[in-house]
Amino acid sequence: MIKKKILIVEDEESLLKLESILLTSKGYDVHGVGDGQAALDAVGEVKPDLILLDIMLPEIDGFEVCRRIKNDDETKHIPVVMLTAKKSREDMARGEQVGADWYITKPFKSAMVIETIQRFIA
């Protein structure tokens, strides 16, 4: 069976490691990057089945990364799950406007992240 690929975009090293370990242990092929530009580069190289995307990133923020992914015919089909500490209604509405498929706020429960991923890439 081919492993599903997940791209994690998280600038906080400890969280990136935690999320990578969690998803690898569930059988996913995980690729992690720490900023918005690296995320855009990785999307083309990795061709992920799903993207976990933080919003507060160096270079290009997660909203802009998501907007670019969803406006590109090559990548718009990839589910984007925002995983962020930004909890305001405005932030969630903006996530929706740029095309995010789901929005999870930090701190998060591992089970919720796994459940959400499975909903999009069973």
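Some observations on this one:
- Tally, over the stretch 89-111, of residues that are of a type in the set (A, V, I, L, M, F, W, C) and part of a strand (DSSP E or B): 2
- Annotation note: Cβ proximity below 7 Å between a residue of the stretch 10-21 that is farther than 11 Å from Lys106 by Cβ and a residue that is aliphatic (A, V, I, L, M) (sequence gap 6+ or interchain) occurs for Asp11/Leu57; Leu16/Ile8; Ser20/Ile8; Ser20/Val30.
- Top-ranked residue of the stretch 21-48 - restricted to ones that are over 12 Å from the mean Cα position of the chain (by Cα) and charged (D, E, K, R), ranked as nearest to Met1 (Cα to Cα): Asp29
- Count - residues of the stretch 71-103 that are within 19 Å of Glu12 (Cβ to Cβ) and over 13 Å from the mean Cα position of the chain (by Cα): 4
- In the set Asp49, Asp54, Asp35, only one residue is within 21 Å of Ala122 (Cβ to Cβ) and of a type in the set (D, E, K, R); that residue is Asp49.
- Identity of the residue in the stretch 80-94, buried (at least 20 other Cβ atoms within 10 Å of the Cβ) and at pLDDT 95 or above, that ends up farthest from Met112 (Cα to Cα): Val80
- Annotation: of all residues in the stretch 44-60 being buried (at least 16 other Cβ atoms within 10 Å of the Cβ) and acidic (Asp, Glu), the one that is nearest to Glu12 (Cα to Cα) is Asp54.
- Test: residue in the stretch 58-70 that is within 13 Å of the chain's Cα centre (by Cα) and under 13 Å from Ile117 (Cβ atoms): no
- Hey, Lys76 touching a Lys or Arg at 6+ places or on another chain (Cβ under 6 Å), surrounded by fewer than 18 Cβ atoms within 10 Å (Cβ to Cβ) and charged (D, E, K, R) or not: yes
- Verdict on Lys4 being on the phi > 0 side of the Ramachandran plot and among the basic types (Lys, Arg): no
- Annotation: Ile114 fulfils all but one of (1) buried (at least 22 other Cβ atoms within 10 Å of the Cβ); (2) part of a helix (DSSP H, G or I); the unmet one is (1).
The values are calculated or read from the model by the stated rules, or taken from the named source; none is laboratory data. Bear in mind that the values here come from a model prediction, so they are computed numbers and not experimental data. Don't worry about glycine lacking a Cβ; one is built from the backbone with ideal geometry, like all the others, and counts go over all protein chains shown.
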